[in-house]
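Everything on this sheet refers to the single structure shown next.
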Amino acid sequence: MTVGKGPRGVKGMKSARMQARAALVLFLAAFWTSALADALTDRAKALLAQKQHRQAYDLLLPQEATRAGDPEFDYLLGIAAIDSGEPERGVFALERVLAVQPNNHVARAEIARAYLALGERDSARREFGTVKAQQIPPEVKQSIDQYLSAIAAADITQITGFAEIGYGYDSNVNSATAGNQIAVPSLGGIVATLDPTATRNGDTFTSLAGGINLTHKVARDWAVVGSLGANAKWNTHEDEFNTTTFDATVGARWSSGRHAVTAGGQFQDFELDNDRYRETKGVIGQWQYSLDERTQFTLYGQAADLHYPTQDIRDATRM
């Protein structure tokens, strides 16, 4: 008795082999994709551990279109973005993490940090408060308390200041010419010899400067701002050229997100050898854009009247 394979049986076997081959291809593709994914996130973790945040960000960002939705990938991308000065993209990545892992307190703390970098203090306070209410280690809670204290202080009154002391050499204390002879046109071009005190003189000097800045919130987007500053320079021998400068500003600031607009008045008193030499009064308008925690762009305009109490002919308006 002979048993043969009909056309239908051959087709069935071919179909089965094709299905098996397709399944194998899909399995291998999934395997290699998983392996590559693990290599990607492992590399990103290593870079972040080495504080190479920008390198980690540049590594992960090109894969966002295909890897978005993977909590581990999104979390690493979020951290890398925040620490690379891209908090807005960090928020997007961490929001995807919280969408699938709402109880991921670490991701929620990081998104609070991103909000703070964007100037969205209310959102940052809310997220930090949510994390603080959970069962978290004491050191993490202490860190969150520090963030919340900083936010609270910034919401009401912020005071900063500086002080500096210096010592150096000025090759031209009296801002005079280096030559000891000049031609006088009104006298027919006659050449006159200058007194030594009217030519350039050098001297060592000591300087002292300090200032204080105040920002007081009066509404959500509005604040009163002001500053006081002083700078003194004392020459070792040429003390008749000692100078002292006093500065003061007062104004109002509107801020929203990364933008801040300030308008106010400026006042300055400049003294030479302890006598008032020049007075300045003016107004200033300024727009400031914060790109990240370390980078800002500023555009400003200024108008001021300069008055010389003993030399009215030198009075001027500066724009």
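The values are calculated or read from the model by the stated rules, or taken from the named source; none is laboratory data. Since we're looking at a predicted model, the values are computed, not measured. Note that we place each Cβ from the backbone using ideal geometry, even for glycine, and neighbour counts take in every protein chain shown. For accessibility, only protein heavy atoms count, side chains too; no ligands or nucleic acids. Shrake-Rupley method; radii C 1.70, N 1.55, O 1.52, S 1.80 Å.
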Can you tell me which condition GLU293 does not meet? The list is (1) part of a loop (DSSP other than H, G, I, E, B); (2) at pLDDT 95 or above, and all the others hold. (2)
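Checking the structure you have, find out if any residue of the range 118-138 is farther than 30 Å from HIS216 by Cβ, in contact with a Ser or Thr (Cβ under 9 Å, 6 or more places away or on another chain) and surrounded by 16 or more Cβ atoms within 10 Å (Cβ to Cβ).
To start, the set of residues in the range 118-138 that are farther than 30 Å from HIS216 by Cβ comprises 133-138.
Filter again for in contact with a Ser or Thr (Cβ under 9 Å, 6 or more places away or on another chain), leaving none.
Checked the range 118-138: no residue is farther than 30 Å from HIS216 by Cβ, in contact with a Ser or Thr (Cβ under 9 Å, 6 or more places away or on another chain) and surrounded by 16 or more Cβ atoms within 10 Å (Cβ to Cβ).
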Return the total of residues in the range 232-285 being assigned to a strand (DSSP E or B), open to solvent by 30 Å² or more (accessible area, probe 1.4 Å) and acidic (Asp, Glu). 4
Return the residues of the range 219-231 that are open to solvent by 50 Å² or more (accessible area, probe 1.4 Å), in a strand (DSSP E or B) and not hydrophobic (A, V, I, L, M, F, W, C); say none if nothing qualifies. ASN231
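So that you can scan it fast, the table gives a plain yes or no per residue for (1) in contact with a Cys (Cβ under 9 Å, 6 or more places away or on another chain); (2) farther than 20 Å from GLY251 by Cα; (3) in contact (Cβ under 8 Å) with a residue 40 or more places away in the chain:
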{"residue": "ASP275", "(1), (2), (3)": "no, yes, no"}
{"residue": "GLY282", "(1), (2), (3)": "no, no, no"}
{"residue": "GLN286", "(1), (2), (3)": "no, no, no"}
{"residue": "THR295", "(1), (2), (3)": "no, yes, yes"}
{"residue": "LEU299", "(1), (2), (3)": "no, no, no"}
{"residue": "ALA316", "(1), (2), (3)": "no, yes, no"}
List pairs: first residue in the range 246-270 and under 30 Å from ASP122 (Cβ atoms), second residue open to solvent by less than 70 Å² (accessible area, probe 1.4 Å) and aromatic (Phe, Trp, Tyr) anywhere in the structure, Cβ distance under 7 angstrom, at least six positions apart or on different chains. ARG258/TYR289; HIS259/TYR289
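Going by the conditions given, is GLN302 assigned to a strand (DSSP E or B) and within 21 Å of THR160 (Cβ to Cβ)? So that I can check it myself, show each step before the final result.
Values: assigned to a strand (DSSP E or B): yes; within 21 Å of THR160 (Cβ to Cβ): no.
The answer is no for GLN302.
Table: residues versus (1) surrounded by fewer than 10 Cβ atoms within 10 Å (Cβ to Cβ); (2) among the hydrophobic types (A, V, I, L, M, F, W, C); (3) farther than 30 Å from LEU118 by Cα; (4) at pLDDT below 65.
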position	(1), (2), (3), (4)
ALA152	no, yes, no, no
ILE156	no, yes, no, no
GLU164	no, no, yes, no
TYR169	no, no, yes, no
ASN172	no, no, yes, no
SER175	yes, no, yes, no
SER186	yes, no, yes, no
ASP195	yes, no, yes, no
ARG200	no, no, yes, no
From (1) of a type in the set (Val, Ile, Thr); (2) in contact with an Asp or Glu (Cβ under 9 Å, 6 or more places away or on another chain); (3) without any contact (Cβ under 8 Å) to a residue 12 or more places away in the chain, pick out the condition that doesn't hold for VAL218. (2)
Residues of the range 59-85 being closer than 11 Å to ALA117 by Cα and not in a helix (DSSP H, G or I), which ones? GLY85
Would you pick out the residues in the range 115-149 that are modelled with pLDDT under 80, in contact with a helix residue (DSSP H, G or I) (Cβ under 8 Å, 6 or more places away or on another chain) and not basic (Lys, Arg)? ILE136, VAL140
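Identify, please: which residue in the range 86-117 is in contact (Cβ under 8 Å) with a residue 60 or more places away in the chain and in a helix (DSSP H, G or I) and is, among those, farthest from LEU60 (Cα to Cα)? Reasoning before the result, please.
Here is the first cut: in the range 86-117, the residues in contact (Cβ under 8 Å) with a residue 60 or more places away in the chain are 86-87, 117.
Right, trim to in a helix (DSSP H, G or I) and you get 87, 117.
Details: PRO87: 15, ALA117: 21 Å.
Here the answer is ALA117.
Does ALA303 count as of a type in the set (A, V, I, L, M) and at pLDDT 90 or above? It would help to see each step written out before you state the result.
On the way: of a type in the set (A, V, I, L, M): yes; at pLDDT 90 or above: yes.
When the stated conditions are applied, ALA303 passes them.
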Kindly evaluate TYR115 against the criterion of being surrounded by 15 or more Cβ atoms within 10 Å (Cβ to Cβ), under 30 Å from LYS217 (Cα atoms) and out of contact with any Phe, Trp or Tyr (no Cβ under 8 Å at 6 or more places or on another chain). yes
